[in-house]
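Please read the structure below before turning to the comments.
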Amino acid sequence: MCAARAEPETGTCADPESMKILPAKNTPVDTRNRPLRDLRISVTDRCNFRCTYCMPAEIFSEKYEFLPRRDLLTFEEIERLVRVFAELGVSKLRISGGEPLLRSHVDDLILQLSSIEGIADTALTTNATLLPRMADKLRKAGLGRLTVSLDSLDDAVFRKMNGDKLSPAEVLEGIVAAEAAGFTQLKINCVVQKGVNDHTIVDLARHFRGSGHILRFIEYMDVGTRNDWNLEQVMSLDEIVDAIGQDFPLIPLEPNHIGEVAKRWEYADGQGEIGIITSVSKPFCGDCSRARLTTDGTLVTCLFANSGTDLRGPMRDGASDEELFELISGIWSARTDRYSEERGQMTDAARQDRARMEMYQLGG
Ligand code: SAM
Ligand code: SF4
Ligand code: SF4
């Protein structure tokens, strides 16, 4: 057993001291001059919801075989990779899934990750249903920010979208638990699908105005291959701003920082702000600094990628931290991804033929 760190269940021992032999911080940039800054980690492929746009119930039935435990990255493996990513310049982490709060003791992982040198910001995206029993632990573990997904306050609409699992009231209870634990300015994500929940977005705006939380509308995206996406179902930035603005006038705001995914608008009467994530109508590939790590340890450089690079295999075969550093740096340096910019020029057939990884593997 390594003295410096508990041995991973299956793999090699990574001594934190060995990180000292790595090159000085040397953030790679990709072929479009985009640095590697953010890492999204999917900690489980399982979920207690069956959102029709992500894990439709007809496919993800009782019989669906999720990853066996041995295929999941262990916490030690995730921590080791995050140390390497931090050496490469990653300072922001987002923990996601599947439903990340289903991964046992995820708060222990957050404690490990948030104390890594160079990691300035640790966030988590959740459907909130387990927050009543987890929010306190997450806060104590050092989680900085929480994003909660909530597509509608209308019970029937929400249930239709989440596979008839739970009601909006249960998500709101999760939000109350997060507030009680000390989380402030939550982001509330709503995926807008025309003909499904677009008629309920003004109610969401009304509910969260003045709450201190930031409601973010996400244009419905063609992630994965299982949701029969088509452009007619997308409510665009302009349509969303029009719909909300009719009841609550909005003023555009400047981005907080380069690479911010949401376009910002504030309520003219000072009751806070909303964000709109415009992957379809106004792509933001030019500033995209996000890498993704799947539950089984595949490094993916775009939400719409059809494949990635296995990091778990080399790690379990004994690769050193320096070798992992070089591997990740090389992948990022060769990155060319700009799918959302290309989407508009693709025919429906070309788009549908293109293999893509699934949202729950990539963590959103
Ligand atoms: N289970 C957690 C949740 O729902 O918050 C975390 C994982 S989920 C994959 C992350 C985010 O991706 C959620 O906010 C979800 O609404 C969003 N999402 C999933 N599929 C999407 C799609 N096709 N288009 C836009 N957003 C999507
Ligand atoms: Fe689960 Fe989140 Fe996907 Fe819905 S969007 S099925 S809550 S992982
Ligand atoms: Fe980044 Fe790919 Fe999305 Fe473009 S399409 S913003 S490259 S994840």
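Every read-out reported here was derived from the displayed coordinates using simple, explicitly stated rules and does not represent laboratory data. The structure presented is a predicted model; accordingly, all values stated were derived computationally and were not measured. Backbone-built Cβ (ideal geometry, glycine too); neighbour counts: all protein chains shown.
Numerical summary
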quantity: The stretch 222-285: C-alpha gyration tensor shape, a/c 1.5 cut-off, then a/b vs b/c; calculated: oblate
quantity: For the stretch 16-362, with +1 on Lys and Arg beta carbons and -1 on Asp and Glu, the positive-most of 180, 284, 306 along the dipole; calculated: 180
quantity: Over the stretch 209-322: Kirkwood hydrodynamic radius from C-alpha pairwise inverse distances, Å; calculated: 16.8
quantity: The stretch 243-254 - phi-based ³J(HN,Hα) in whole Hz, Karplus 6.51/-1.76/1.60, Gly and Pro as x; calculated: 5, 6, x, 5, 8, 9, x, 10, 10, x, 10, 6
quantity: For residue 252, net neighbour charge (Lys/Arg +1, Asp/Glu -1) across residues whose Cβ lies under 14 Å away; calculated: -3
quantity: Net dipole in debye of the stretch 108-212 [+1 Lys, Arg Cβ; -1 Asp, Glu Cβ; about Cα centre; nearest 20]; calculated: 60
quantity: Those chymotrypsin sites (Phe, Trp or Tyr not before Pro) in the stretch 23-85 that DSSP places in a loop and that have at most 13 other beta carbons within 10 Å; calculated: 64
quantity: Neighbour cut-off at most 14 other Cβ (10 Å), DSSP loop, GluC sites (Glu not before Pro), the stretch 68-175; calculated: 117
quantity: Nearest 10 degrees, 0 to 90: helix 321-333 Cα axis against the chain principal axis; calculated: 40
quantity: Nitroxide proxy distance, nm - points 7 Å out along Cα→Cβ at residue 333 and residue 57; calculated: 5.0
quantity: Sorted peptide list for 122-130, 177-185, criterion being average Cβ within 10 angstrom, highest first; calculated: 122-130, 177-185
quantity: Per-residue ³J(HN,Hα) for the stretch 260-274, Karplus 6.51 cos²θ - 1.76 cosθ + 1.60, θ = phi - 60°, Hz, x for Gly and Pro; calculated: 4, 6, 9, 6, 10, 9, 10, 6, 4, 8, x, 8, x, 9, 10
quantity: Whether the stretch 147-264 is rounded, prolate or oblate, judged on the alpha carbon gyration tensor where a/c under 1.5 counts as rounded; calculated: rounded
quantity: Net charge dipole size for the chain [Lys, Arg +1 and Asp, Glu -1 on Cβ; Debye, nearest 20]; calculated: 260
quantity: Shape of the chain, Cα gyration tensor, a/c cut at 1.5; calculated: prolate
